[in-house]
Each structure stands twice: as C-alpha cells, then as structure tokens.
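A quick write-up on the structure given underneath.
The values are calculated or read from the model by the stated rules, or taken from the named source; none is laboratory data. Given the structure is predicted, the values throughout are model-derived calculations rather than measurements. Cβ sites come from the backbone with ideal geometry, for glycine too, and all protein chains shown count toward neighbours.
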C-alpha cells in the first residue's frame, strides 16, 4: 500500500498525563551500512510490516511517501535475521483535539529520548497546527532525529544536538 503521510515531529517537554496501553515497537532499518536507511522492518505489538519511507520532495520531512506491506509473524521473524540497525520504543497513541498523536518513549541505548508525532489529513491542518504545551520544539526537519538516523545510536551520540534545543532527558 502506498500513501503520503503528513506529519510533524516534536521533542517532548514532558509526558502527557494518563498515558496507557503503550505498545512495544521494534524497528530494524536496513541495509545496516546505509547512512540513513529508508527501509524498515517493524514489530508493533502483535502487528508486523515492512515499510519504505522517504520525503516526497527533498528538504521537507513533513510530507513522506510510504510504501507498506503487512507481514506475518513468520515473515517478520525471518526478515529480522538480516543485519540491520535496531531501535526499540514504547509507543502511546492518543487523540489530541481530533489529531492522531504518537508518543515514542525510546528504550535501550536511546532511553531518555521522547519524540511526539502528529499525523494530519490535510496540508492545511498540518500548516495551521499549534504546538501543545507538552511539546518542546518542532524537530520535523532535523535529520538526526529521523528513524533511519536514530537507529543504532545511543542517547550520548545525540545528546549535544538535543541540548541545543534545551531538551532534558525524560
């Protein structure tokens, strides 16, 4: 399935109250040697998929073309044997004023990093969106925080860049 995703990404200032039903997400980005891999194998709770995601036009990470294929658990297990860069997180999904909000609380080597994505149904909604108080700063265009760039890194690897935004480890 091919879709265009309209999204904005923020660093969290704090976690919203009453987060519940978080799901463990494991992402494996391939090929391992790529600087910024765009092919991802994902386990999201009990769902599995492979996705290729890249900007519709260079320089604007808020509008991405996404090709996704649903996988069986057996297919995921086999593909996950490939050498790739891995990240894990707990994802909470909430409705924020009618907009899908995904709060990713990174685990493992990236523990302390929390990114918040908002997905929009129109360019107008995306462009007119006002940042909520639980967000610190819009980092949509910051390549170092893209999934394919974060994979395989530790919090210490990105700490200096995060501090430029006034981010405090959560």
Some residue of segment 78-97 being more than 17 Å from the chain's Cα centre (by Cα), surrounded by fewer than 17 Cβ atoms within 10 Å (Cβ to Cβ), under 22 Å from residue 15 (Cα atoms) and at pLDDT 95 or above: no
Unmet requirement for residue 118, which otherwise passes all of (1) free of Cβ contacts under 8 Å to residues at least 60 places away in the same chain; (2) under 14 Å from the mean Cα position of the chain (by Cα): (1)
Subset of segment 128-155 (residues that are part of a strand (DSSP E or B) and farther than 14 Å from residue 11 by Cα): none
Single residue of 60, 46 found to be loosely packed, with under 15 Cβ neighbours inside 10 Å and within 21 Å of residue 108 (Cα to Cα): 46
Odd one out for residue 61 among (1) touching a helix residue (DSSP H, G or I) at 6+ places or on another chain (Cβ under 9 Å); (2) in a strand (DSSP E or B); (3) touching a residue at least 60 places away in the same chain (Cβ under 8 Å): (2)
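Does at least one position in segment 18-30 carry a residue that is surrounded by 14 or more Cβ atoms within 10 Å (Cβ to Cβ), more than 17 Å from the chain's Cα centre (by Cα) and under 23 Å from residue 153 (Cα atoms)? Give the derivation first.
Filtering segment 18-30 for residues surrounded by 14 or more Cβ atoms within 10 Å (Cβ to Cβ) gives 22-23, 25-30.
From what's left, more than 17 Å from the chain's Cα centre (by Cα): none.
Within segment 18-30 (the criterion being surrounded by 14 or more Cβ atoms within 10 Å (Cβ to Cβ), more than 17 Å from the chain's Cα centre (by Cα) and under 23 Å from residue 153 (Cα atoms)), the answer is no, since none of the residues qualifies.
Could you check segment 33-43 and list, in sequence order, the residues that are modelled with pLDDT of 90 or more and either loosely packed, with under 13 Cβ neighbours inside 10 Å or over 30 Å from residue 127 (Cβ atoms) (or both)? Show your work before the answer.
Quick first cut of segment 33-43, residues modelled with pLDDT of 90 or more only: 39-43.
If the condition is that a residue be modelled with pLDDT of 90 or more and either loosely packed, with under 13 Cβ neighbours inside 10 Å or over 30 Å from residue 127 (Cβ atoms) (or both), then 41, 43 are the ones that fit.
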